[in-house]
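A short write-up of the structure that comes next.
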Amino acid sequence: MLTFIKIAWRNILRNRARSFITIAAVAAGLCALIFLKGFVDGADHQMVANYTDLFVGHIQVHKAGFQKSMGLDKSINNEETIAAVLRKTPAVAAFTPRIKEFALISSPESSSGILLIGVDPERERTVTTLHKKIRAGSFLSAGDNDKIVIGRQLAENLKVAPGDKVVIMGQAFDGSIAASAYIVAGLVEAGAEDLDKNLALITLRAAQDLFVMENRISEVAVKTHSLDDIDATAQNLRDRFGRKNFEALSWKDISPMTYQWLQFDQVFTSLILFIVLLVVAGGILNTILMGVLERTKEFGIMLALGTKPSQIIRMVAAESFFLGLAGAGLGTLAGAGIVLVCGRTGIDLSALSQALNNFYIGSVIYPLFRPVSIAVYAGIVLFLSIAISVFPAIKASRLSPIEAIRS
Amino acid sequence: MGFICAVNNVNKTYRFKGSDVETRALNDISLSIEEGGFVAIAGPSGSGKTTLLNILGGLDAPTSGSVIVDQTDLAGLNAAEMSEFRLHKIGFIFQAYNLISTLSAYENAEYVSLLQGAPKDRRLFEARQIFKDLGMEAYLKRRPTQLSAGQQQRVAVARAILARPKLILADEPTANLDSRTGSDLIDLMAVMNKTLGLTFIFATHDKMVMEKAHRLILLHDGKITQDIAQ
Ligand SMILES: Nc1ncnc2c1ncn2[C@@H]1O[C@H](COP(=O)(O)OP(=O)(O)O)[C@@H](O)[C@H]1O
Ligand SMILES: [Mg+2]
């Protein structure tokens, strides 16, 4: 056996140029795979992070049934019960109470249906980035109970600017008419049309007063330490709260469309990665096959001398394995290196596309370094390089010695 | 003395693919070779020498007739058994040396005995001995491309002998060598034949080889025309 490994190894050294090309092709292919995977994972990660940070949060806790039909009747009067559990959950980084209700906003010029959110201005900042998206005026501060922040698009429709007065109307918790006037403090531009057209924020206290809710709230928005924690934490909270009282929903439950889009994106990416993999495989097959054809005579001699066909197969496979191992090793190093460096510096695509902002991705993408997926791709490429050699190896082992020697 | 191999009424016809044209390479050949023989099969090009050696060595099968080598009827062997048969019973020496270019002279020489599973120290010891006998001690580590034609053919002889075969088949072993080198090589093989009792069959059209053989079989158009002990 050792002799065949020796011969395989020397065959690699014998045709250095061909071996180098094979190794380089495998390495370049794997490097491209690793980079693409890191890039797409990074983009997806950013999209989820930006999307959830903007407004939705990672997890929302409601009274059971709120997600299906939102309304003040499904409000929570025991916020402290939820807060106590969240404070004891290590994966939870921050959380903030909100009121969420549909209402009507009017200016002297026009009126419009809106999603009115009552927020705790200080705590909201720890969960979402709305306060960073103010384009005119300022965000709410604690005690700004007569102020309102509205979407920039909405302000345009209403023809109002910071300092102007608007009136909010809706139905209060007790069924009475709720109405109150607020001064526009600032305009928010989230970059998402549905928010910029329909969103209005007042303080939690103001909302509770408007809707006559005392200390009731609609939801608690939760931020976890890492996106990877979300699913497990949501499940954990569901288990703790019990399904009857509260619902703990991850952003995937809250925005299934966004989640599906992400999944489609990943399927699409897998397809591209698969095609790259096929190209890499074709390259390996080509060089191994060429190497076998080049040595037809030598295989003929070996077979004539009594070498078993299975030994020839092992020899060709060993050669392919060495090439694959070297290529996969180099490709892994190069790919991981590029992902790590670009993960630090980021890849600025602003010159190419402004549209990325609309997908919550942002124009600078930071590839994600995931050792497990790198190892998986390296493994696949290594396995492929051996699997692919089977065909040329069998071809070599089935040669007729007399004809091969004569050639 | 017993016979190491015997062919009876062997015919070999080649049919070119997709045509009816047939070449009759061997025409009803019957022949026995005694153990320890030093036999030359001579004849002009195309007379069937290579075909006969290939059939004796289990590289090719006759169209009809029987081939018995070391009491084994080759017709009864499947491909794997044939490969095993070649490994243990036959030593091949080719006109074009046919060494494995990636292996050193020593590694080439021990290749077959290594496939046979001979222990390392025995291979090393015997290879050293044979390289010494062949005047090749200085070249153990050279690659085939770093050796002259005569030296390469000596390595091929070493490879065949180290495997301790029953029968060594040498197809025009001197054809690519100058007459002096060729003559020396045949003398070396004659020594091996005498000291080790190995049976050699040469295909050749080299007069010198024919003269040194102990038995000369002449082939013409696939038929034996003369069989002379000398
Ligand atoms: N594979 C083959 N296919 C067809 N004809 C062949 C083949 N091998 C040999 N022959 C023919 O058989 C005859 C004997 O060839 P060969 O045994 O090589 O003769 P020699 O070795 O004496 O020169 C020649 O006519 C040759 O053309
Ligand atoms: Mg011939």
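Brief remarks on what is shown
- Conditions (1) in contact with a helix residue (DSSP H, G or I) (Cβ under 7 Å, 6 or more places away or on another chain); (2) at pLDDT 90 or above; (3) not small (Gly, Ala, Ser): number failed by residue A:361: (2)
- Region A:1-107 holds helices (runs of 4 or more DSSP H) entirely within its bounds, and those carrying 3 or more residues that are in contact with a Phe, Trp or Tyr (Cβ under 6 Å, 6 or more places away or on another chain) map to A:16-51.
- The helices (runs of 4 or more DSSP H) located wholly in region A:302-407 that include 3 or more residues which are within 16 Å of ligand 1 (Cβ to nearest atom) occupy A:401-406.
- Number of positions in region A:1-19 that are touching a Ser or Thr at 6+ places or on another chain (Cβ under 7 Å) and either within 8 Å of chain B (Cβ to nearest Cβ) or exposed (fewer than 14 other Cβ atoms within 10 Å of the Cβ) (or both): 4
- Test: residue in region A:167-180 that is in contact with a Pro (Cβ under 9 Å, 6 or more places away or on another chain) and in contact (Cβ under 8 Å) with a residue 24 or more places away in the chain: no
- Remark: residue B:90 falls outside the filter, which requires a residue to be buried (at least 22 other Cβ atoms within 10 Å of the Cβ) and within 16 Å of ligand 2 (Cβ to nearest atom).
- When residues in region B:1-38 are screened for being within 16 Å of ligand 2 (Cβ to nearest atom), among the β-branched types (Val, Ile, Thr) and either in contact (Cβ under 8 Å) with a residue 40 or more places away in the chain or within 14 Å of another protein chain (Cβ to nearest Cβ) (or both), 1 of them pass.
- Condition check for residue B:108: touching a Pro at 6+ places or on another chain (Cβ under 8 Å), within 14 Å of chain A (Cβ to nearest Cβ) and outside any loop (DSSP other than H, G, I, E, B): yes
- In this structure, residue B:55 does satisfy being within 18 Å of residue B:14 (Cα to Cα), more than 10 Å from chain A (Cβ to nearest Cβ) and under 14 Å from the mean Cα position of the chain (by Cα).
The values are calculated or read from the model by the stated rules, or taken from the named source; none is laboratory data. All values reported here derive from a predicted model rather than from experimental measurement. Counting neighbours? That spans all protein chains shown, and the Cβs are built from the backbone with ideal geometry, glycine included.
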